[in-house]
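Nothing in this text is a laboratory measurement; each read-out follows from the coordinates by a stated rule. Quantities reported herein were computed from a predicted structural model and do not represent experimental measurements.
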Amino acid sequence: MNEPRLEPGVRRGHVLVIQVGSLCVCDGRNLNILRHCQTVYIDGTFRVCPRPYTQLLVIVGNFHGYGLPLVHALIGQRTVGHYRQVLQAVCRRTRELTHHRWRPTLVVTDFEIGLQNAVQTEIPTADVRGCYFHFSQALWRKIQEIGLSNAYINNDRVKALVRKVMALGYLPLPLVRLNYNLLLQERGTRRQMRRTPALQEFLQCVSLTYVDRGATFNIPSWNVFKRGMEQRTNNIVESIHRAFSGAVQVRHHMFWNFLRHLKDQQAITEQRITAARNGNAPPPRNRKWRDL
């Protein structure tokens, strides 16, 4: 397996300063790898972000089965404008350094509407999909927010209903809305909604946010029926965040210390690029994911 050839002028150490409030750091070789990645994961973390920035956004490429953190962006505000600045800079610098456009076919993100809108605007050829783990996590946060968690824990019928909603992501697309409406019409569902008002509020939220026509997130964005295991979640990004946080250890580290840890992570990335180039198999997934 040969690594993609480095185009003339592609070298290491490129730092992209976008505008006040945003800083994008990447390596020329990384951008060359990134343009070959058809599947890309984008996710943010907050714990290790140095002040005055509020979010560290990481772009991870799937390169021959290896999840490689290829671009790191420090963002001052979580707005569509800031996300677009980052993506514009990556697209522009990739084109300048490699003489090719960055055109991934699939981008997996969390359920942040601003980030998804930015990706759809700046990379219109990409299929933007939400991470199923974040879909389930968002439902659980809503359960906690509206006070449904006690009923979920103590009432098996309520728990079964909620799990059926979470399982909608595994159904074929044409059957999602049909099965959801059938679930709402079942006598047992209506009975539980009368007994547990928070359940009714939860199902209304699911309808407006994920299922109804004109929902905030359309069904294809969170449905994983036709996705492979690597495309269902951005767990690879979460594991990269955990490893980086474990190395940094301090919340909101000083900027120069943050950059030192970023250089250490880049060294690991380069080792994995070499392993992929040599045809070495990527590390095996956790058994619980292999068995799904």
Semi-axes in Å, largest first, for the stretch 132-222 (Cα gyration tensor, √(5λ)) are 20, 15, 12
Rg and Dmax in Å for the stretch 41-150, alpha carbons only: what are they?
15.4, 56
